[in-house]
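The structure under discussion appears below in the form of structure tokens.
The values are calculated or read from the model by the stated rules, or taken from the named source; none is laboratory data. As the structure is a computational prediction, the values presented were derived from the model and not from experiment. Here the Cβ positions follow ideal geometry from the backbone for every residue, glycine too, while neighbour counts run over all protein chains shown.
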Amino acid sequence: MNSTLERILVPLGAVAVSLLLFALFVALAGYPPLDVFALLYKGGFGSSFSWNNSLQRAAPLILTGLAVAIPARAGLVIIGGEGAMVLGGLAAAIVGVWGPVHIPLVAQIIMLLSGALVGAIWIGLCGWMRHARGINETISSLLMAYIGIALLNHFVEGPLKDPNSLNKPSTPPIPDANMLGLTPGFDVHMGLLIGVVVALIAWAVLRFTTLGFALKVVGGNPRAAQLAGLRVGRWIIGACAAGGAAAGLSGAVEVAAVHGAANASLISGYGNAGILIAFMARHNPLAIIPVAVLIGGIGAAGGMLQRRLDMPDATVIVLQGMAFIAILASEAVMGSPWRRIAQRLWGIEPATTPVAPAPVTVLAKSSTLEAA
Amino acid sequence: MAGQKFDRRNFLKIAAASGALAAVSQSALAQGKPLVVGFIYVGARDDFGYNQAHAQAAAVIKKMPGIKVIEEEKVAETVAVQKTMEAMIEQDGASLIFATSFGYFDPHVLKVAAKYPKVFFAHCGGMWTEGKHPKNVGSFFGYIDECQYLSGMIAASVSKTKKGGFIAAKPIPQVLRNINAFTMGAQSVDPAFTTHVIFTGDWSLPVKEAEASNSLVDQGADVLTCHVDGPKVVVETAEKRGVFTTGYHASQAKLAPKGYLTGAEWDWVAPYKTLVEAVKSGKQPPNFLRGGLKEGFVKMSPYGPAVPAKAKTAADTVKAKMVKGEFVIFKGPIKDNKGATVVAAGVSQGQQDPVLEGMNYLVAGVVGSI
């Protein structure tokens, strides 16, 4: 079996399995499974309104998914995207409100870049702690997220508070003219276009450049990478910073396209949802897009289940959990056992792994690059 | 669902026939179609708190004839709530939407309201302002500080240590007003009573709320109350520690059969009904709707077993005055807990005084800082 095909079919099969489990669960809870499925489809993808609804919910998740997926290429488990996101949003609001430039396009670009920069520094710091002090990046990024959220609250309720924002402490609003508009052709804010473009760039860089390959080597075996002349520390910090930049950018988009100011509404769990999405997408930036749309669609459909069948919100959380576990578990059937079964059943030859000699040349290339 | 489709098509036929397609919601009523009312909650409908108070009233509206209620819970204050409102309108034909979380107002309700001028958006807590906000948006809220004052009276009358604990989310005007009213009510019974405040920093932080409750009891507080989204943790912790509590948002009596004294509860049925009936009859609903005990927007939980008869009588006397509109809580002279005069002698800030909406102090007798 072709391995690309396998990589697409196995997760799809896992989603199908999770839907079956969900049907069982729904039936046990006393709801008609077929109606539930019909509504899931209708609410998530059944009309252009539903599509826009799902895509809108997916947009911020693409970037926060990348915040987990990019460091994962270097073997790092970063789960503190939420902190980078809210601080990115705060940074965007600060330059948006007090920045010197008020030409809309320029102001927008500055807001987005400063959000990305602050996010990059925040998670980059976790990478540095890992490299220089041996602090586990998973724990440090999680704890840094709490600090980030506390900082946001401190600034919007203290020094940066707009005196007119009484019961919802916020920074002053950024000028309406500087707000981001809609993604052309959709009733979805610019975050969708930005997310898709960044995901495509991340995918292309990781897939086709020596940069991406070097990162994979660092992630696969840091010791070997070091022996090959890669400066592992830099790669670790760089990967963290790139992930943090994606999270910070998503926060900036939230401010520049939705809230128009920084406030506690930024702490919305998008950063945490990104963890789920990155793992479901196996840390492949390209796969993050459809996975985010799927999760967005489940969210949109969840609303419809609540409205039409009076089901609790937890219903779709159960579906999400089942899909997550099924996709992760499907890793087990990926690769050799799966191929062996296929071989036994249909006499298909197991794919050989011709990639082994290739890395050496590329590795040599990238290490010379590094040396130069 | 199939029925829904059929109904809508059927309805469109009739509406088209009568040439009333323009005013969809109105003609729907003329044809005996139910008025679809959407309710959106930021948390769980059964949180023993803020959201439950709304959901309880929504359940009453559900029973009204000619009304179809649709609900969504745990809707975040992001684009999610914008899309939920739009979906209620586009997919379910809602013509009245109750957005019950404070954070929904700006920008979410305002943005969607501009897009759907024929739908009315009722927001809980927001300050609708003439000329600034659209006509199809309204805000409603209750003067729950009246109930907090009464809770404070009861608290002081059972407290032995003369120390109360208040677990609060954020130092914003609405919360400060409750802390101050509670303290002033308590001091009207016992001038030596002090309220010790801990701000947790956010609306729903169960772990911090439990820590704060325990810490306040350790410091000697023997009555706890709170202003967070779900008072469940505070009330349960207090009961476990053997101290009294007064509730908030909804009744938590079930969670603390021994120590629950009374509580400040919302009763959203009255404002909900006013708005639903206005939209149903095709009238412009009130854009600014407020009320206290008198209007029935707020109510007290029934007294618990630990409340002495004398305390009940005292509180009920003040309550009767409030219902008549004869009682002013924020009546000068009032000093804050740093010694500055915040309401001068002879100044009386009545329930509806807009100055109170910007409260930024803690009264003398409150231990804590903003």
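Of note:
- Condition met for residue A:282 (charged (D, E, K, R) and assigned to a helix (DSSP H, G or I)): no
- Residues of segment A:220-252 that turn out to be within 14 Å of chain B (Cβ to nearest Cβ) and farther than 17 Å from residue A:70 by Cβ, as a count: 0
- Filter result for the condition that a residue is at pLDDT below 95 and aromatic (Phe, Trp, Tyr), over B:102, B:98, B:182: B:102
- From the list A:276, A:200, the one residue that fits, being in a helix (DSSP H, G or I) and either farther than 30 Å from residue B:43 by Cβ or over 13 Å from the mean Cα position of the chain (by Cα) (or both), is A:200.
- Against the test of being within 14 Å of chain B (Cβ to nearest Cβ), more than 25 Å from the chain's Cα centre (by Cα) and either in a helix (DSSP H, G or I) or surrounded by 17 or more Cβ atoms within 10 Å (Cβ to Cβ) (or both), the options A:86, A:97, A:36, A:106 yield a single qualifying residue, A:36.
- Some residue of segment A:173-182 being under 15 Å from the mean Cα position of the chain (by Cα) and either crowded, with 23+ Cβ neighbours inside 10 Å or at pLDDT 95 or above (or both): no
- Of the helices (runs of 4 or more DSSP H) lying entirely inside segment B:155-256, those containing at least 1 residues that are within 14 Å of chain A (Cβ to nearest Cβ) and over 20 Å from the mean Cα position of the chain (by Cα) span B:206-218.
- Residue match in segment A:225-243 (condition: of a type outside the set (S, T, N, Q), within 30 Å of residue A:107 (Cβ to Cβ), touching a helix residue (DSSP H, G or I) at 6+ places or on another chain (Cβ under 7 Å) and not in a helix (DSSP H, G or I)): no
- Only one of the numbered conditions (1) under 23 Å from residue B:229 (Cβ atoms); (2) surrounded by fewer than 16 Cβ atoms within 10 Å (Cβ to Cβ); (3) at pLDDT 95 or above is violated by residue B:259, and that is (2).
- Just one of the listed residues (B:332, B:304, B:350, B:368) is more than 14 Å from chain A (Cβ to nearest Cβ), small (Gly, Ala, Ser) and closer than 25 Å to residue B:126 by Cβ, and it is B:350.
- Where a residue in segment A:145-174 is more than 9 Å from chain B (Cβ to nearest Cβ) and its partner, wherever it lies, is of a type in the set (Ser, Thr, Tyr) and surrounded by 22 or more Cβ atoms within 10 Å (Cβ to Cβ), with Cβ under 7 Å and at least six apart: A:156/A:170; A:156/A:171; A:160/A:171; A:162/A:170; A:162/A:171
- Out of B:165, B:242, B:220, sole residue that is touching a strand residue (DSSP E or B) at 6+ places or on another chain (Cβ under 6 Å), surrounded by fewer than 24 Cβ atoms within 10 Å (Cβ to Cβ) and more than 22 Å from residue B:124 (Cα to Cα): B:220
- Within segment B:129-152, residues that are on the phi > 0 side of the Ramachandran plot have Cβ atoms under 8 Å from residues that are surrounded by fewer than 24 Cβ atoms within 10 Å (Cβ to Cβ) and not in a helix (DSSP H, G or I) in no pair, counting only partners at least 6 apart in sequence or on another chain.
- Within segment B:124-140, tally of residues that are away from chain A (no Cβ under 12 Å) and within 24 Å of residue B:57 (Cα to Cα): 5
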